[in-house]
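A.B. asks: I am attaching a structure below and will ask some questions about it afterwards.
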Amino acid sequence: MKHNFGAGPGILPHEVLKQAAEGVVDFNGIGLSILEISHRSPEFEAVLAEAVKLVKELLNVPEGYSVLFLQGGASTQFALVPFNLLPQDGKAAYLETGVWANKALKEAKNFGNVEIIASSKADNFTYIPKDYTIPADASYFHITTNNTIYGTQLHEYPKSPVPMVADMSSDIFSHPINVADFGLIYAGAQKNMGPAGTTLVIVKNEILGKTGRTIPAMFDYPTQVEGGSMYNTPPVFAIYVSMLTLRWLKAKGGVEAIEKENKAKADALYVEIDRNPLFKAVCAKDDRSYMNVTFVCTNPEHEKAFLELCDEKDIVGVKGHRSVGGFRASIYNALPITSVHVLIDAMQEFAEKNK
Ligand code: PMP
């Protein structure tokens, strides 16, 4: 088996993949595939209901919030958030911490005014800005909790005077959160929740329906809430595999237990990066991500050879994003700590060889 450090679509638990494969051939012994039954059948309705219930349980979602499984990826939410929450003459505040945050705020500009209240763009997004004031007259404040490309993460969330909207695509379900601090949370499934094809949205009902805009049904959160994510045919396979992944997470002890594992994995890797003279980290220490660990070779000429060594050891997906270079080890929930140790061993072997 390979050690899968890919940034996304990322590693899924092996047992989930096996269950999903079974369900594709014969779902729960009914003699039909999960892919060839009506989404309105009791069988699929039970899958969706369990997925929603697991999200509520795992994240302790309070009353007054709706849980949706939508389509179009997190990138669609970049537009649906302002479409639904930003009146034409209104203003939205954004924290610019990377390319994804930047794409989100660009979409918002199509719907109203956007204020970038802080940005780390000038330093290639190697840290999370902390010194800023969130304007109290904004319709909402948008953050990206984990910056997949750069390997930075907000370890503390700001207190916002206006509804806080968070893109949690790459760290949802990796640690406990207080949903009540947020107006809306969204996350593409394909890192910690399941396969690409569905996007989780958790929204506080009372912030909806205030823009005075007519919104096409598929893009209108209240319509999706009313339809229970079934205004149209939902992405049945992606929801099914997400449900299986959330079941797996619950059986492991939920987000509290997985947070401990994630920290152990990240800490072991950062200790090695800081210790090993051939490698160095690129981001501010306080803002280092527990999900995407970015680093480079102290001598850039070594990078190709290290990637070749990784390849020999069945370590895949560690090449850094083109805008950062070097390496990115994504250590999502499903990646076992044994894979992290294989990577650390490779780094040590590489240092021995290049003394
Ligand atoms: N936000 C973040 C933080 C991401 O990491 C990604 C994808 N890697 C996206 C948004 C875009 O997601 P999608 O491809 O589902 O539109």
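A.B. asks: Being within 15 Å of the ligand (Cβ to nearest atom) and in contact with a helix residue (DSSP H, G or I) (Cβ under 6 Å, 6 or more places away or on another chain) is the requirement here; does Ser174 meet it?
C.D. replies: Details: within 15 Å of the ligand (Cβ to nearest atom): yes; in contact with a helix residue (DSSP H, G or I) (Cβ under 6 Å, 6 or more places away or on another chain): yes.
So Ser174 fits the description; yes.
A.B. asks: I'm told Gln71 meets every condition in (1) closer than 20 Å to Ile207 by Cβ; (2) within 16 Å of the ligand (Cβ to nearest atom) except one. Can you identify the failing condition by its number?
C.D. replies: Among (1) closer than 20 Å to Ile207 by Cβ; (2) within 16 Å of the ligand (Cβ to nearest atom), Gln71 violates only (1).
A.B. asks: For the range 45-61, state whether one or more residues are within 16 Å of the ligand (Cβ to nearest atom), closer than 29 Å to Gly228 by Cβ and buried (at least 17 other Cβ atoms within 10 Å of the Cβ).
C.D. replies: So in the range 45-61, the residues within 16 Å of the ligand (Cβ to nearest atom) come out as none.
Within the range 45-61, not a single residue is within 16 Å of the ligand (Cβ to nearest atom), closer than 29 Å to Gly228 by Cβ and buried (at least 17 other Cβ atoms within 10 Å of the Cβ).
A.B. asks: Same structure, new question: Which residues, taken from the range 205-221, are in a helix (DSSP H, G or I) and over 16 Å from Phe78 (Cα atoms)? I'd like the intermediate steps shown before the answer.
C.D. replies: Restricting attention to the range 205-221, the residues satisfying the condition of being in a helix (DSSP H, G or I) are 205-207, 217-219, 221.
Selection gives Asn205, Glu206, Ile207, Ala217.
A.B. asks: Any chance you could count how many residues in the range 149-168 are among the β-branched types (Val, Ile, Thr), within 21 Å of Val282 (Cβ to Cβ) and touching an Asp or Glu at 6+ places or on another chain (Cβ under 9 Å)? Outline the logic, then answer.
C.D. replies: Kept after step one, since they are among the β-branched types (Val, Ile, Thr), are these residues of the range 149-168: 149, 152, 162, 165.
Next, only the ones that are within 21 Å of Val282 (Cβ to Cβ) stay: 149, 152.
Filter once more, keeping what is touching an Asp or Glu at 6+ places or on another chain (Cβ under 9 Å): 152.
Number of matching residues: 1.
A.B. asks: Among the residues of the range 191-210, is any more than 16 Å from the ligand (Cβ to nearest atom), buried (at least 23 other Cβ atoms within 10 Å of the Cβ), among the β-branched types (Val, Ile, Thr) and outside the structural domain of Leu335 (by TED's automatic domain parsing)? Walk me through how you get there before you give the answer.
C.D. replies: Looking only at the range 191-210, we keep the residues that are more than 16 Å from the ligand (Cβ to nearest atom), and these are 203-210.
Those still in the list that are buried (at least 23 other Cβ atoms within 10 Å of the Cβ) too: 203.
With among the β-branched types (Val, Ile, Thr) added as a condition, the list becomes 203.
When the remaining residues are screened for being outside the structural domain of Leu335 (by TED's automatic domain parsing), the result is 203.
Yes, the range 191-210 has at least one match.
A.B. asks: Could you check, for the range 88-106, whether at least one of its residues is hydroxyl-bearing (Ser, Thr, Tyr), out of contact with any helix residue (DSSP H, G or I) (no Cβ under 8 Å at 6 or more places or on another chain) and crowded, with 22+ Cβ neighbours inside 10 Å?
C.D. replies: Step one: filter the range 88-106 for residues hydroxyl-bearing (Ser, Thr, Tyr), giving 94, 97.
Now narrow it down to the ones that are out of contact with any helix residue (DSSP H, G or I) (no Cβ under 8 Å at 6 or more places or on another chain): 97.
From the residues that got through so far, the ones that are crowded, with 22+ Cβ neighbours inside 10 Å too are 97.
For the range 88-106, residues hydroxyl-bearing (Ser, Thr, Tyr), out of contact with any helix residue (DSSP H, G or I) (no Cβ under 8 Å at 6 or more places or on another chain) and crowded, with 22+ Cβ neighbours inside 10 Å: present.
A.B. asks: Out of all the residues in the range 232-246, which are touching a helix residue (DSSP H, G or I) at 6+ places or on another chain (Cβ under 9 Å) and surrounded by 16 or more Cβ atoms within 10 Å (Cβ to Cβ)?
C.D. replies: Within the range 232-246, the subset touching a helix residue (DSSP H, G or I) at 6+ places or on another chain (Cβ under 9 Å) is 232, 234, 236-237, 239-246.
Listed by number, the residues that qualify are Pro234, Val236, Phe237, Ile239, Tyr240, Val241, Ser242, Met243, Leu244, Thr245, Leu246.
A.B. asks: Can I ask one more? I'd like the full set of residues that are more than 11 Å from the ligand (Cβ to nearest atom) and within 17 Å of the chain's Cα centre (by Cα), limited to the range 129-151. Give the derivation first.
C.D. replies: Taking the range 129-151 and keeping what is more than 11 Å from the ligand (Cβ to nearest atom), we get 129-142, 151.
The answer is His142, Gly151.
A.B. asks: Restricted to the range 177-190, and to residues that are in a loop (DSSP other than H, G, I, E, B) and within 15 Å of the chain's Cα centre (by Cα), which residue is farthest from the ligand (Cβ to nearest atom)?
C.D. replies: Here is the first cut: in the range 177-190, the residues in a loop (DSSP other than H, G, I, E, B) are 177-178, 182-183, 189-190.
Keeping just the survivors that are within 15 Å of the chain's Cα centre (by Cα) gives 177, 189-190.
Values: Ile177: 15, Ala189: 8, Gln190: 6 Å.
Step by step, filter the range 177-190, then rank; the result is Ile177.
A.B. asks: Can you find, within the range 159-171, the residue that is surrounded by the most Cβ atoms within 10 Å (Cβ to Cβ) among those that are in contact (Cβ under 8 Å) with a residue 60 or more places away in the chain and more than 10 Å from the ligand (Cβ to nearest atom)?
C.D. replies: Just the residues of the range 159-171 that are in contact (Cβ under 8 Å) with a residue 60 or more places away in the chain, to begin with: 162-163, 165, 167, 169-171.
Retained after the next criterion (residues that are more than 10 Å from the ligand (Cβ to nearest atom)): 162-163, 165.
Working: Val162: 19, Pro163: 19, Val165: 27.
So, considering only residues that are in contact (Cβ under 8 Å) with a residue 60 or more places away in the chain and more than 10 Å from the ligand (Cβ to nearest atom), the one surrounded by the most Cβ atoms within 10 Å (Cβ to Cβ) is Val165.
A.B. asks: So the check is Cβ under 7 Å with 6+ separation or different chains; which pairs have a first residue in the range 314-329 that's under 15 Å from Asp345 (Cα atoms) and in contact (Cβ under 8 Å) with a residue 24 or more places away in the chain and a second one that's assigned to a strand (DSSP E or B) and of a type in the set (Phe, Trp, Tyr)?
C.D. replies: That search, which allows pairs on different chains as well, returns Val318/Phe327.
The values are calculated or read from the model by the stated rules, or taken from the named source; none is laboratory data. Keep in mind it's a predicted model, so treat the numbers as computed, not measured. Positions of Cβ are backbone-derived with ideal geometry, glycine not excepted, and every protein chain shown enters the neighbour counts.
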